[in-house]
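Just so it is clear, none of the values below were taken in a lab; they were calculated from the coordinates. Remember, it's a predicted structure, so these values are computed and weren't measured experimentally. Every residue, glycine among them, receives a Cβ derived from its backbone with ideal geometry; neighbour counts consider all protein chains shown.
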Amino acid sequence: MKSHFIRQMEELRMTVLEMAALTEKAMHKALQAFKTRDEKLAAQVIAEDHVVNQLEMKIDNLCLSLLALEQPVAKDLRFIIGALRMSIDLERIADQAVNIAQRAQFLAQRPPLEFIPELDALAETAMDMLRVAIDSFARQNISQAYDVCQMDDEADELNDKVLRRMIDLMVTESRSIERAVQAIIAARCLERVADQTTNIAESVIFIVQGVNIKHRCEP
Amino acid sequence: MKPVSVRTRLLLAFWVVLLLCVLAPVSYFHRQLHQVLMDESRARIRQNLTFVLWALTSHEPFQWLSDLDDWCTQVGSLLGIRITYIAQGGRVVADSDVPYDKLGFMEDHWNRPEVAAARREGFGFSVRRSDTLRKELLYGAMPVSGITNLPDGVVRIAMPVSQIKEKLDQQRLHLAVILGLSFAATGVLSFFLSRLMEKPLAPMLEMVRAMGRRERPRLRPSGYPVLDALGETLVDVAQRIETQFKSMEDQRAQLHAILEGMKEGVLLLDGQGRITAANRAALHIQRGTQSPLGLKPLEVFLNAELQKACDRVLAGQDSVHLEVVLDPDRFFDVHVVSLHSPVVPRGAVIVLHDITELKRLARIRRDFVANVSHELRTPLTAVKGYAETLLESPCAQDEEAKMFIETIVRKANHMSRMVNDLLTLTRLESQPPQIPETAVDAVSAIASAVETCLPEARKKNMEIQTLLPDRPLWVRAERDSLVQVFQNLLDNAVRYSRPNTPIRIRAEVREETILFAVEDEGPGIPSEHQARVFERFYRVDRQRETSTGSTGLGLAICRHIVQNMGGRIWVESPVRGKDRGSAFLFTVKQAAEPEEKKSAES
């Protein structure tokens, strides 16, 4: 028979994974809605955000009760701290998904903007990072987590490129300023997602290895 | 506990038997003999004592006590016994074996057991080891009194225990020696016996060991029929086990090959919800490339719905069927089935079927139909418009030309209805089934459907009877869709029934749903067609394809609408309690009466 503590830790792990899965789905749907100008899908993303918020609160409570009642040590303690940090990051990513969905809703009502390959690449990069980061947590895979850290620079670069392209567009064509700004905000959201995903990867490294690599991105 | 070897058991058994057989009778006879001996000694000593006493009293009076001592010595040596005269108080006055001058050194004899007994009972007897003579002696004592010149006291005589007694005692020693020798002999015997017994078992042991190593057992005859029979049985059993093992291995290999060859991903969960087995297809579906064994579905697929389905099945539900989207954009039809047999503890099987391609094809078909219908609409409108204009123009004066143009208009109308139906159907298919929240009064919906169909029914002289309660029936539906369902069903009834027959609409309020039925008295639908009439363009009677003017999509639309409202539609033919006709039945979820209606009424 498993002890109460082990069962609770298991539940915590499962809840974080569930939250991660939902966040990834929300992000995926938001980007889909953005790309296909699907207002309904965007509305769905916005409506489903509360589930992620509830899970964040559940994780908070679980961590708090585990810390208060069980006095965990070593890896268990790191796991709880890591899970707490991850839940915050995941919740923010889900909020970014809502943000992108809102941009999508707005842009769907306007004539389509010209195709921005950098924004597409940025979306893909952010999504890949998120997917790999969540996988690295699910399988406790350190090398994947380091990969995520390396990909962050790429995301920053792409964000800059989108910004420059949009500024060029606004200079030449004033009618599309409103839409261009929305695209810039979306790109900014994606860049934030990439940053928060890096944080998740750092949490995974902290949980598994016990080293804090914040702001350094190397062991 | 360490098991006791056969040899030791045998030895112990021998010893116990030996002890029982030797010691019990020997000790019995020994005791008997001893008793006889004692009785005889007692009698002899009494006789001797009586004689000594008689001799003492009939002797002339002793002058000195030393004379008594001399007399005692003489009589003692004649009889071969020791005579002691003990005066009252325990002082020894005379003793045949002790010189007179040494009597003073002798200890007090008053409390010797035989003396004490003699004083009490007149005769005392005991067997003791004499410290003086260092051997076992029989003692007998009797009190004496009233002899001249002698003090009152006790006369005691002692004589050696008979030779037999000594022999008897010696025999104990012999017995012990004999017993020791027999123990040693049985030790040797048991060693050989056990060897003899174990020897034929050794090849059998070797054979069973070989069976354990799954080698082919070789039976060597031991010379003992029972053991040989046992050996044969063992070989037989071993061969049967081997055969079963082989067939099980074959089955396992087959199953493995089937599982590995399957396109569907299959995973096995144990009672804790951890993956214990997965086939190759499942490995391709999972995220990452690591082995999923020992993990939970959520960790492997990162899909919360799938995990919840597994949890539900592990908690006791028989099976769950769901559709999940696994990354990136791959659709899976998932069956989670609970697994409980007496051998395997509770678990579950997950079967993942990739339906991405199916979905894509369905979407392409839907898009194609929608696009084609849409593209057909424009030219059709033009055809219809021009044909109608032509009908009004002088060209239509000619009877033949008028007939042609009318046919064009009729067919164009038919085609346009079909295009509209196709578009409706595509729209319904692309909508996710969602039970509407709006409450609609079914009675009024039926009324408006009846109104639409009434002209056609009147043409065939058919009556539409609505057997409904005179209160509103609130259902969860969209009004237009509900009206369309009734309209399509009534259309069919009017179209396929014989003239002059009634059409009935019934309603039955159930627990959570309301059942509606549209019955006619037409030819009915043969049972082999009943399951398929809801398919698009499916017709029971191919001959009447064109004559009825239906699009062939009405029932398909009905089914989609009803299913999207969370209901069920089916056909019963012939109508219950009759021999003909058909009844189309469907259920819709009940709704609460809307608030504004309530307040309006009050």
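If the Kirkwood radius is taken over C-alpha pairs of the stretch A:149-219, then at 20 °C and 1.002 mPa s the Stokes-Einstein diffusion coefficient equals 156 µm²/s.
Given a Förster distance of 22 angstrom, what is the FRET efficiency for residue B:215 paired with residue B:243, based on the Cβ-Cβ distance and rounded to 0.05? The formula returns an efficiency of 0.90 here. I'd like the FRET efficiency for residue A:211 and residue A:74, computed as 1/(1 + (r/R0)^6) with the beta carbon distance as r and R0 of 22 Å, rounded to 0.05. Once the sixth-power term is evaluated, E becomes 0.95. Equivalent-ellipsoid semi-axes for chain B (Cα gyration tensor, √(5λ), whole Å, largest first): 132, 34, 23. Normalising the Debye intensity of chain A to I(0), with uniform scatterers on Cα atoms only, and taking log10 at q = 0.10, 0.15 Å⁻¹ returns -0.47, -0.92. For the stretch B:527-539, 3J(HN,Hα) computed residue by residue from phi via the Karplus equation (6.51, -1.76, 1.60; θ = phi - 60°) reads 4, 5, 9, 4, 6, 9, 5, 8, 6, 5, 6, 7, 10 Hz, glycine and proline entered as x. Projecting the Cα atoms of B:224, B:362, A:148 onto the charge dipole of the protein assembly as shown (Cβ charges, centred on the Cα centre) puts B:224 farthest toward the positive pole. Note on residue B:199 and residue B:537: the model spin-label points, each 7 Å out from Cα along the C-beta direction, lie 9.3 nm apart. Each 10 Å bin from 0 upward holds the following percent of the Cα-Cα pairs of the stretch B:371-480: 12, 23, 29, 24, 11, 2.
With Cα atoms defining each centre, the stretch B:283-297 and the stretch B:380-427 are spaced 61 Å apart in the structure.
In whole Å, how far is the Cα centre of the stretch B:461-533 from that of the stretch A:64-81? The distance from the Cα centre of the stretch B:461-533 to that of the stretch A:64-81 comes to 65 Å.
Of the residues B:110, B:64, the one with the fewest other Cβ atoms within 10 Å heads the list, and the complete ranking is B:64, B:110. The slack in the chain from residue B:37 to residue B:395, taken as 0.36 nm per residue of separation less the alpha-carbon distance, amounts to 112.4 nm. Think of the stretch B:197-309 as having a plus end and a minus end, set by charges on the Cβ of Lys, Arg, Asp and Glu; of B:293, B:245, B:276, B:293 sits farthest toward the positive end of this dipole. In chain A, helices alone account for a calculated mean residue ellipticity at 222 nm of -31000 deg cm²/dmol, with every DSSP H run of four or more residues adding -39,500 (n - 2.57).
Among B:512, A:173, a tally of other beta-carbon atoms within 10 Å of each Cβ gives an order, fewest to most, of B:512, A:173.
By the compact-protein rule of thumb, 2.2 N^0.38 Å, the alpha-carbon radius of gyration of the protein assembly as shown corresponds to a ratio of 2.05.
Suppose every Lys and Arg Cβ carries +1 and every Asp and Glu Cβ carries -1, with no other charges. What dipole size does the stretch A:121-173 come out with about its Cα centre, to the nearest 20 debye?
Its charge dipole is roughly 160 debye.
For the pair residue B:378 and residue B:363, label points projected 7 Å from Cα toward Cβ lie 2.6 nm apart. Dipole of the protein assembly as shown computed with +1 at Lys/Arg Cβ and -1 at Asp/Glu Cβ about the Cα centre; of B:432, B:140, A:198, farthest Cα towards the positive end is B:140.
Seen through its C-alpha gyration tensor, with square-root eigenvalues sorted a ≥ b ≥ c, the stretch B:442-554 comes out prolate because a/c lies at 1.5 or above while a/b is bigger than b/c. Full extension of the segment from residue B:506 to residue B:388, taken as 0.36 nm per residue of separation minus the current Cα-Cα distance, would add 38.5 nm.
For the protein assembly as shown, a crude dipole built from +1 on the beta carbon of Lys and Arg and -1 on the beta carbon of Asp and Glu, taken about the Cα centre, is about 2820 debye to the nearest 20. Between residue B:340 and residue B:256, the FRET efficiency from the beta-carbon distance, with R0 = 25 Å, is close to 0.65. From its DSSP helices (H runs of at least four residues, each -39,500 (n - 2.57)), chain B gives a residue-normalised ellipticity at 222 nm of -18000 deg cm²/dmol.
Would you mind giving the mean number of other chain beta-carbons within 10 Å of the Cβ of each residue in A:134-140, as a whole number? Display every interim value, and only then the final one.
Values: counts 3, 8, 1, 2, 10, 9, 2.
The shielding value for this peptide is 5.
When Rg and Dmax are taken over the Cα atoms of the stretch B:186-322, they come to 26.3, 80 Å.
Note on the stretch B:152-209: Cα-only Rg and Dmax are 26.7, 93 Å. A crude spin-label estimate for the pair residue B:232 and residue B:576, with each label 7 Å from Cα along the Cβ direction, gives 7.0 nm. The Cα center of the stretch A:145-219 and the Cα center of the stretch A:1-54 differ in position by 21 Å.
Based on every Cα atom in the stretch B:1-156, Rg and the maximum pairwise Cα distance Dmax equal 23.5, 84 Å.
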